[in-house]
Amino acid sequence: MNKVVATLLLLLRDGTGSPGRLSVYVADSLSVVAARAAAEALAGAVGAVSGCSLVGYSVVYETVVSDERPGQSDRREVLRLVFATEGGGYAAVDIPGLFADLVGEDGLSVDGSSGTVGALVSDLLSGPWCNPFGQQLTALLASYREVQA
Amino acid sequence: MARVNLPPVVTFSWEDESGSRSSTQVSIPAATTVADARTAADALAVDMQANTGCVLTGYSIAFSTTETAPGLAAADSRVERKGNFVFRTAAGKLARITVPGILPSVVLPSGRIDEDAATVATLIASLLGAPWTDSNGADLSALVEAYESFRTSTKGQLPRDRKPDNE
């Protein structure tokens, strides 16, 4: 279920370099393009009453999932998938709560080519997913279990 | 001024058997629409859920824009100095919007923000117009009060040159 509002955060910085933010809300149905245009206009108005400088803004759309079942594994057991990306980059995707029966006998390896992990890898490679630099995922390099604090 | 739209980040939120929380973050191309991002996220969630005992509690999609050449902030500006604008919403509730680093020039001696100052009036008019709402989606309908307040400074916000000179 999508929340009825999306959150717009104006990110500011004062004369000492300390960060501050202004948050307001818009209807969830507002497009990103329209939200950005509104953010630009608001930033101009805020800039005239604040001594801070604008360093950026974010529009965050949220979806809530209603799932009554309790968790069944430890979040510290993490499935780490490492991908090569276009442009010679890398991307890592971590999924917490890895099922123990997906881990190999060595306690580390996870087969990324078959079963449910294979389906996940296939979805990540065929979907719009990329690394934080916008580089598309091209191939799975490694899949393994990692214990994270 | 140079704005750059960053690749949006989809953050999936999880809860494990003990109630502890964790997350998975994956990026998508900058041109992706919200609808397409949600479709892809729903599909990926199904595949992820087949591999984890954690419960998916939701996800968010953050479309961020960064200013690569931010202007200089006023030397005496402080984010702890807040301009508070409290509005009545169309649902009859109150919503507060806080502006960090409010200029002293728009604050009256009593601490009230001068809503008749041109720049303040412009900001208020902007907030009363589309598309701004409160956290429940109700339109902002009228300004109720506007005032200055101060938040406690964290250690990192203290002046870097606060130690006396050694003469």
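The values are calculated or read from the model by the stated rules, or taken from the named source; none is laboratory data. In this text the structure is predicted, and so the values were computed from the model without any measurement. Don't worry about glycine lacking a Cβ; one is built from the backbone with ideal geometry, like all the others, and counts go over all protein chains shown. SASA here: full protein model, heavy atoms, side chains in, ligands and nucleic acids out. Shrake-Rupley method; radii C 1.70, N 1.55, O 1.52, S 1.80 Å.
Listing for the model above:
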item: Selection count where residues are without any contact (Cβ under 8 Å) to a residue 40 or more places away in the chain and not in a loop (DSSP other than H, G, I, E, B), scope the range A:1-60; result: 27
item: Test: B:SER135 is more than 30 Å from A:VAL4 (Cβ to Cβ) and within 12 Å of chain A (Cβ to nearest Cβ); result: no
item: Total residues in the range A:110-131, condition surrounded by 14 or more Cβ atoms within 10 Å (Cβ to Cβ) and of a type in the set (Ser, Thr, Tyr); result: 2
item: Selected residue [surrounded by fewer than 19 Cβ atoms within 10 Å (Cβ to Cβ), more than 7 Å from chain A (Cβ to nearest Cβ) and on the phi < 0 side of the Ramachandran plot] from B:ALA30, B:ALA2; result: B:ALA2
item: Selection status of A:GLY134, buried (at least 18 other Cβ atoms within 10 Å of the Cβ), modelled with pLDDT under 95, out of contact with any helix residue (DSSP H, G or I) (no Cβ under 8 Å at 6 or more places or on another chain) and not in a strand (DSSP E or B); result: yes
item: Exclusive hit being part of a loop (DSSP other than H, G, I, E, B), touching a residue at least 40 places away in the same chain (Cβ under 8 Å) and not basic (Lys, Arg), set B:VAL79, B:VAL86; result: B:VAL79
item: Every residue from the range B:1-26 that is touching a residue at least 40 places away in the same chain (Cβ under 8 Å), touching a helix residue (DSSP H, G or I) at 6+ places or on another chain (Cβ under 9 Å) and not aromatic (Phe, Trp, Tyr); result: B:ARG3, B:ASN5, B:PRO8, B:VAL10
item: Tally, over the range A:1-18, of residues that are facing chain B (nearest Cβ under 7 Å) and open to solvent by 20 Å² or more (accessible area, probe 1.4 Å); result: 4
item: Members of the range B:41-99 that are within 24 Å of A:TYR61 (Cα to Cα), of a type in the set (Asp, Glu) and more than 7 Å from chain A (Cβ to nearest Cβ); result: B:ASP42
item: Every residue from the range A:85-109 that is more than 9 Å from every other protein chain (Cβ to nearest Cβ) and crowded, with 18+ Cβ neighbours inside 10 Å; result: A:THR85
item: Residue list for the range B:11-25, restricted to those being open to solvent by less than 40 Å² (accessible area, probe 1.4 Å) and either more than 7 Å from chain A (Cβ to nearest Cβ) or under 25 Å from the mean Cα position of the chain (by Cα) (or both); result: B:THR11, B:PHE12, B:TRP14, B:GLY19, B:SER22, B:THR24
item: Matching option when the condition is modelled with pLDDT of 90 or more, more than 19 Å from the chain's Cα centre (by Cα) and assigned to a helix (DSSP H, G or I), among A:VAL117, A:VAL121; result: A:VAL117
item: Test result for B:THR57, among the hydroxyl-bearing types (Ser, Thr, Tyr) and open to solvent by 20 Å² or more (accessible area, probe 1.4 Å); result: yes
item: Whichever residue in the range A:28-62 is within 7 Å of chain B (Cβ to nearest Cβ), within 24 Å of B:ALA31 (Cα to Cα) and touching a Gly at 6+ places or on another chain (Cβ under 9 Å) and, among such residues, is surrounded by the fewest Cβ atoms within 10 Å (Cβ to Cβ); result: A:GLU62
item: Contacts under 6 angstrom Cβ, first residue in the range B:113-129 being within 16 Å of A:ALA43 (Cβ to Cβ), partner part of a helix (DSSP H, G or I), 6 or more apart; result: B:VAL120/B:VAL106; B:THR122/A:ALA45; B:LEU123/A:ALA45; B:SER126/A:LEU42; B:SER126/A:ALA45
item: Breaking point among (1) touching a Lys or Arg at 6+ places or on another chain (Cβ under 8 Å); (2) facing chain A (nearest Cβ under 7 Å), for B:LEU103; result: (1)
item: Tally, over the range B:35-73, of residues that are without any contact (Cβ under 8 Å) to a residue 40 or more places away in the chain, closer than 21 Å to B:SER20 by Cα and part of a loop (DSSP other than H, G, I, E, B); result: 3
